[in-house]
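Since the structure comes first, as structure tokens, the remarks are kept for the end.
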């Protein structure tokens, strides 16, 4: 039986990076084709193709029963009336939970079952969000600075982006007159 070694890393609370760690995911606007409702606004912004978010994983062992940890940094911005957001995903290992701890910025986390039962929670410095297994999750930056959060999930959880790409989320977070508003997704099916 292989004995895995302890790992030490340092988190930069200012920018969300983890030392000696390059982002494994860098999502540009073009990577979220079909996720935003306002196609004209999407196409106009696609000329610049800004970075929407980055994910920084801590280098860890390959233990099957281990935990993975990392940070996500979602940039501020808006496409039409929708704030910059992550693609969102279920876990391939359906029963796998996840925990988010907000380090800085302001946002929302949408947590939703496969049949569209949705919960929205505000994210701000110090909030901790437990996402049970079998719930999809997406994060949205509703503020003027990067939204940075720390995540912990089982190493064998995997990511299922396809279900979200095909169906969407039942709820959208849009910029309203007085700030973020939740509305039903007209494209949800």
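Out of 58, 85, 45, one residue alone is closer than 16 Å to residue 174 by Cα and surrounded by 15 or more Cβ atoms within 10 Å (Cβ to Cβ). It is 85.
Against the numbered list (1) within 13 Å of the chain's Cα centre (by Cα); (2) without any contact (Cβ under 8 Å) to a residue 40 or more places away in the chain, residue 125 comes up short only at (1).
Considering every residue within the range 4-11, establish whether at least one is at pLDDT 95 or above, surrounded by fewer than 20 Cβ atoms within 10 Å (Cβ to Cβ) and within 28 Å of residue 180 (Cβ to Cβ). Explain how you work it out, then say what you get.
Filtering the range 4-11 for residues at pLDDT 95 or above gives none.
The answer is no, given that none of the residues of the range 4-11 is at pLDDT 95 or above, surrounded by fewer than 20 Cβ atoms within 10 Å (Cβ to Cβ) and within 28 Å of residue 180 (Cβ to Cβ).
Only one entry of 94, 98, 75, 106 meets the criterion of being over 19 Å from residue 25 (Cβ atoms) and either touching a helix residue (DSSP H, G or I) at 6+ places or on another chain (Cβ under 7 Å) or modelled with pLDDT of 95 or more (or both), and that entry is 106.
Among residues of the range 23-47 being part of a loop (DSSP other than H, G, I, E, B) and free of Cβ contacts under 8 Å to residues at least 12 places away in the same chain, the one that is farthest from residue 189 (Cα to Cα) is 47. Residues in the range 54-66: is at least one outside any loop (DSSP other than H, G, I, E, B) and more than 17 Å from residue 152 (Cα to Cα)? Scanning the range 54-66 turns up no residue that is outside any loop (DSSP other than H, G, I, E, B) and more than 17 Å from residue 152 (Cα to Cα).
In the set 70, 116, only one residue is under 14 Å from the mean Cα position of the chain (by Cα) and at pLDDT below 95; that residue is 70.
Among the residues of the range 157-189, which ones are more than 21 Å from residue 142 (Cα to Cα), in contact with a strand residue (DSSP E or B) (Cβ under 6 Å, 6 or more places away or on another chain) and not in a loop (DSSP other than H, G, I, E, B)? Step through it out loud before you land on a result.
At the first step, the residues of the range 157-189 found to be more than 21 Å from residue 142 (Cα to Cα) are 157-163, 165-167, 187-189.
Add one more test, that the residue is in contact with a strand residue (DSSP E or B) (Cβ under 6 Å, 6 or more places away or on another chain), and what stays is 159-161, 163.
Within the range 157-189, 160, 163 meet the criteria.
Could you check, for the range 141-156, whether at least one of its residues is modelled with pLDDT under 95, in a loop (DSSP other than H, G, I, E, B) and in contact with a strand residue (DSSP E or B) (Cβ under 7 Å, 6 or more places away or on another chain)? Yes, the range 141-156 contains a residue that is modelled with pLDDT under 95, in a loop (DSSP other than H, G, I, E, B) and in contact with a strand residue (DSSP E or B) (Cβ under 7 Å, 6 or more places away or on another chain).
The values are calculated or read from the model by the stated rules, or taken from the named source; none is laboratory data. No experiment lies behind these values; they were computed from the predicted model shown. Heads up, the Cβs are rebuilt from the backbone with ideal geometry, glycines too, and the neighbour counts pull from every protein chain shown.
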